[in-house]
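A short worksheet on the structure shown next.
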Amino acid sequence: KDVHIREGQVFLLPSRIPHSPQRPEEGALGLVVERRRDEGEVDGLRWYCDFDKCEEVLYERYFHCGDLGRDLVPVVKAFKESEECATGKNKEGSVPTEKPFEIDLETEVPDPF
């Protein structure tokens, strides 16, 4: 579901729902508030073979994120340098078979307010 957040609106996304924040308007700003992660608690990044359909996962990694600038950047860099990124095709090991948490594909995403 595409969620369009207009100026002055707030959007609260429930946990464990795959999402991809986009800012289609040049110069648009968004404020993301994250809670502090406990030691051992992980976040995940996921890329899809076809961004518009989001049916097949291309690449997925889980990592502890204590600081977005420090911990997110190496994961994004590894993906951008990967064979999967270059070819648009996943391979064995691209997506972990065991996940550290259950991804929520059932909860209905609320509208901004």
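The values are calculated or read from the model by the stated rules, or taken from the named source; none is laboratory data. Small disclaimer: the values here were computed from a predicted structure and weren't measured. All Cβ positions, even for glycine, are placed from backbone atoms using ideal geometry, and neighbour counts span all protein chains on display.
Does residue 88 satisfy the condition of being at pLDDT 90 or above, surrounded by fewer than 11 Cβ atoms within 10 Å (Cβ to Cβ) and small (Gly, Ala, Ser)? Working first, answer last.
Details: at pLDDT 90 or above: yes; surrounded by fewer than 11 Cβ atoms within 10 Å (Cβ to Cβ): no; small (Gly, Ala, Ser): yes.
Spelling it out, it is not the case that residue 88 is at pLDDT 90 or above, surrounded by fewer than 11 Cβ atoms within 10 Å (Cβ to Cβ) and small (Gly, Ala, Ser).
Across segment 28-46, the qualifying residues are those that are surrounded by 10 or more Cβ atoms within 10 Å (Cβ to Cβ) and of a type in the set (Lys, Arg), and the one among them that is nearest to residue 74 (Cα to Cα) is 46.
Any chance segment 47-56 includes a residue that's on the phi > 0 side of the Ramachandran plot, touching a Phe, Trp or Tyr at 6+ places or on another chain (Cβ under 6 Å) and not basic (Lys, Arg)? Scanning segment 47-56 turns up at least one residue that is on the phi > 0 side of the Ramachandran plot, touching a Phe, Trp or Tyr at 6+ places or on another chain (Cβ under 6 Å) and not basic (Lys, Arg).
Checked against (1) assigned to a helix (DSSP H, G or I); (2) surrounded by 11 or more Cβ atoms within 10 Å (Cβ to Cβ), residue 100 passes all but condition (1). Among residues of segment 47-72 that are free of Cβ contacts under 8 Å to residues at least 40 places away in the same chain and surrounded by fewer than 12 Cβ atoms within 10 Å (Cβ to Cβ), those with a beta-carbon under 6 Å from a residue that is not aromatic (Phe, Trp, Tyr) and not in a helix (DSSP H, G or I) at least six positions away or on a different chain give the pairs 56/49.
Check segment 80-92 and report whether any residue there is more than 15 Å from the chain's Cα centre (by Cα), outside any loop (DSSP other than H, G, I, E, B) and of a type in the set (S, T, N, Q). So far as segment 80-92 goes, yes, one or more of its residues are more than 15 Å from the chain's Cα centre (by Cα), outside any loop (DSSP other than H, G, I, E, B) and of a type in the set (S, T, N, Q). Regarding segment 20-27, can at least one residue be identified that is surrounded by 14 or more Cβ atoms within 10 Å (Cβ to Cβ) and modelled with pLDDT under 95? Scanning segment 20-27 turns up no residue that is surrounded by 14 or more Cβ atoms within 10 Å (Cβ to Cβ) and modelled with pLDDT under 95.
Against the condition in contact with an Asp or Glu (Cβ under 7 Å, 6 or more places away or on another chain) and not in a loop (DSSP other than H, G, I, E, B), how does residue 72 come out, does it pass?
Working: in contact with an Asp or Glu (Cβ under 7 Å, 6 or more places away or on another chain): no; not in a loop (DSSP other than H, G, I, E, B): yes.
Against the criterion (in contact with an Asp or Glu (Cβ under 7 Å, 6 or more places away or on another chain) and not in a loop (DSSP other than H, G, I, E, B)), residue 72 does not qualify.
Please go through segment 59-85 and give me each residue that is touching a Cys at 6+ places or on another chain (Cβ under 9 Å), at pLDDT below 95 and closer than 26 Å to residue 1 by Cα, ordered by number. The one that is touching a Cys at 6+ places or on another chain (Cβ under 9 Å), at pLDDT below 95 and closer than 26 Å to residue 1 by Cα: 72.
Figure legend. Inter-residue proximity from segment 1-30: first residues in a loop (DSSP other than H, G, I, E, B), second residues surrounded by 10 or more Cβ atoms within 10 Å (Cβ to Cβ) and among the acidic types (Asp, Glu), beta-carbon distance below 6 Å, spacing 6+ or different chains. Indicated pairs: 16/104; 17/104.
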